[in-house]
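A.B. asks: This is the structure I have questions about; it appears just below.
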Amino acid sequence: MEHRDRIEFNRKIGNRISEQYEGLHGEIFNPIEQERLGRALDKAVSAIRTEANRLTALDLGCGSGNLTAQLIKRGIHTVSADVSEGFLTLVRRAFGHTGLSEVLRINGRDLSNLESNRFDMVATYSVLHHVPDYLHMVEEMCRVIKPSGVIYIDHEVNEAYYSRPEQYVRFLREARPALNLKRYLRLLLDVKGYIHLLRRIANPRYKREGDIHVWPDDHIEWDSIERLLTSRGFQIVFKEDYLLYKSSYDLQVYEKYRDNCADERVLAARKEK
Ligand SMILES: C[S@@+](CC[C@H](N)C(=O)[O-])C[C@H]1O[C@@H](n2cnc3c(N)ncnc32)[C@H](O)[C@@H]1O
């Protein structure tokens, strides 16, 4: 598929699923992940060097407003940007009354409708793997951020997710629920599951929500992102790997493994020049 077609596909998917999005993503909208995200954002916000008393942020690929909610809670004026009008409608409905929220439709290739050096923070969560030329989008993030501002990239898998070290495999085996009769019947009666299977047979890289770079031979390269950021005069403020909590996991098993293995990364980098 051409880049243009992939973006259009993602726009349409976003419009179709926007109202159910939060219910479909228990791995994002659960208290453990929300708390981790809040802590990481606090660290990133405190790394911004500015005298201004009102901060401005861009939430790139805002979806239903996961990051937007966290940013607005911190009193940050937030422009929530997405390719899908459906998501922008949700964000307008949820945060329009705060006086801290703006929404913006973007083209999915670049940030050409935003001026350079505009934001104190540019944040993106679980988005870059949907963007055909994601390194170009990171270049654009570098452009629209003010000097001394911070770029925040979260919720992209790390190398361990693909290389599957022993400990991580053990964790997955223990944490996921066993296939009991109830789950078996649910799978058997899942019509959408069959449709998905047929789509995967027709196109082995079909993904319901238009994920693109999520395959062992085509995935987000954190090293390339880091190299790009440093070549543009950014300093890495922090980079942390973490084990994402999914609501389907056994909590006790998760607690046992959370400090021993990790499958996702968050990175914050400040524009020094
Ligand atoms: C998995 S969702 C993440 C949403 C949100 N950031 C969150 O934390 O829940 C991916 C988001 O990326 C958006 N998206 C898809 N393709 C995009 C593109 N090419 N450029 C920017 N955003 C895109 C989708 O519309 C969707 O809102």
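A.B. asks: Among the helices (runs of 4 or more DSSP H) contained in segment 172-270, which hold 3 or more residues that are touching a Phe, Trp or Tyr at 6+ places or on another chain (Cβ under 8 Å) and surrounded by 16 or more Cβ atoms within 10 Å (Cβ to Cβ)? Talk me through it step by step, then tell me what you get.
C.D. replies: Working: elements: 181-188, 191-202, 222-231, 251-257.
Answer list for segment 172-270: 251-257.
A.B. asks: Report every pair of residues separated by at least 6 positions or lying on different chains whose Cβ atoms are under 8 Å apart, first residue within segment 1-15 and in contact (Cβ under 8 Å) with a residue 24 or more places away in the chain, second of a type in the set (Lys, Arg).
C.D. replies: Every condition considered, the pairs that remain are His3/Arg109; Ile7/Arg109; Ile13/Arg208.
A.B. asks: Which residue out of Leu111, Leu90 is surrounded by 19 or more Cβ atoms within 10 Å (Cβ to Cβ), assigned to a helix (DSSP H, G or I) and hydrophobic (A, V, I, L, M, F, W, C)?
C.D. replies: Exactly one of Leu111, Leu90 is surrounded by 19 or more Cβ atoms within 10 Å (Cβ to Cβ), assigned to a helix (DSSP H, G or I) and hydrophobic (A, V, I, L, M, F, W, C), namely Leu90.
A.B. asks: Separate question: Looking at Gln70, Gln20, Gln34, which one is away from the ligand (no atom under 12 Å from the Cβ), assigned to a helix (DSSP H, G or I), out of contact with any Asp or Glu (no Cβ under 7 Å at 6 or more places or on another chain) and among the polar types (S, T, N, Q)?
C.D. replies: Gln20
A.B. asks: If the requirement is being acidic (Asp, Glu) and under 22 Å from Leu243 (Cα atoms), which of these qualifies: Glu35, Glu102?
C.D. replies: It is Glu35.
A.B. asks: Is there any pair with a first residue in segment 16-38 that is closer than 17 Å to Gly210 by Cβ and without any contact (Cβ under 8 Å) to a residue 24 or more places away in the chain and a second that is of a type in the set (Asp, Glu) and not in a helix (DSSP H, G or I) whose Cβ atoms are under 9 Å apart and which are 6 or more apart or on different chains, and what are they?
C.D. replies: Pairs found: Leu24/Glu209.
A.B. asks: Moving on. Do any residues in segment 99-118 that are more than 11 Å from Ile145 (Cα to Cα) have Cβ atoms under 8 Å from those of residues that are at pLDDT below 95, where the two are at least six apart or on different chains, and which pairs are they?
C.D. replies: Arg109/His3
A.B. asks: Follow-up question, since we're still on this one. Of the residues that make up segment 171-192, is at least one closer than 28 Å to Gly108 by Cβ, within 16 Å of the ligand (Cβ to nearest atom) and without any contact (Cβ under 8 Å) to a residue 12 or more places away in the chain?
C.D. replies: No, the conditions are met nowhere in segment 171-192.
A.B. asks: Can you run down the residue pairs with Cβ atoms below 7 Å, 6 or more apart or on separate chains, where the first is in segment 48-67 and closer than 17 Å to Tyr134 by Cα and in a strand (DSSP E or B) and the partner is aromatic (Phe, Trp, Tyr) and more than 11 Å from the ligand (Cβ to nearest atom)?
C.D. replies: Cβ pairs passing all conditions: Leu58/Phe119.
A.B. asks: Could you look through segment 36-65, keep only residues that are of a type in the set (S, T, N, Q) and surrounded by fewer than 22 Cβ atoms within 10 Å (Cβ to Cβ), and pick out the one that is modelled with the lowest pLDDT?
C.D. replies: Residue satisfying both the conditions and the ranking: Asn53.
A.B. asks: Take His155 and decide whether it is at positive phi, surrounded by 11 or more Cβ atoms within 10 Å (Cβ to Cβ) and modelled with pLDDT of 95 or more.
C.D. replies: It is true that His155 is at positive phi, surrounded by 11 or more Cβ atoms within 10 Å (Cβ to Cβ) and modelled with pLDDT of 95 or more.
A.B. asks: Go through segment 119-143 residue by residue and tally those that are outside any helix (DSSP H, G or I), more than 7 Å from the ligand (Cβ to nearest atom) and over 13 Å from Ala44 (Cβ atoms).
C.D. replies: Going through segment 119-143 one residue at a time, the tally reaches 1.
The values are calculated or read from the model by the stated rules, or taken from the named source; none is laboratory data. Everything quoted here is computed from the prediction, not taken from an experiment. So basically every Cβ, Gly included, is an ideal-geometry build from the backbone, and we count neighbours across all protein chains shown.
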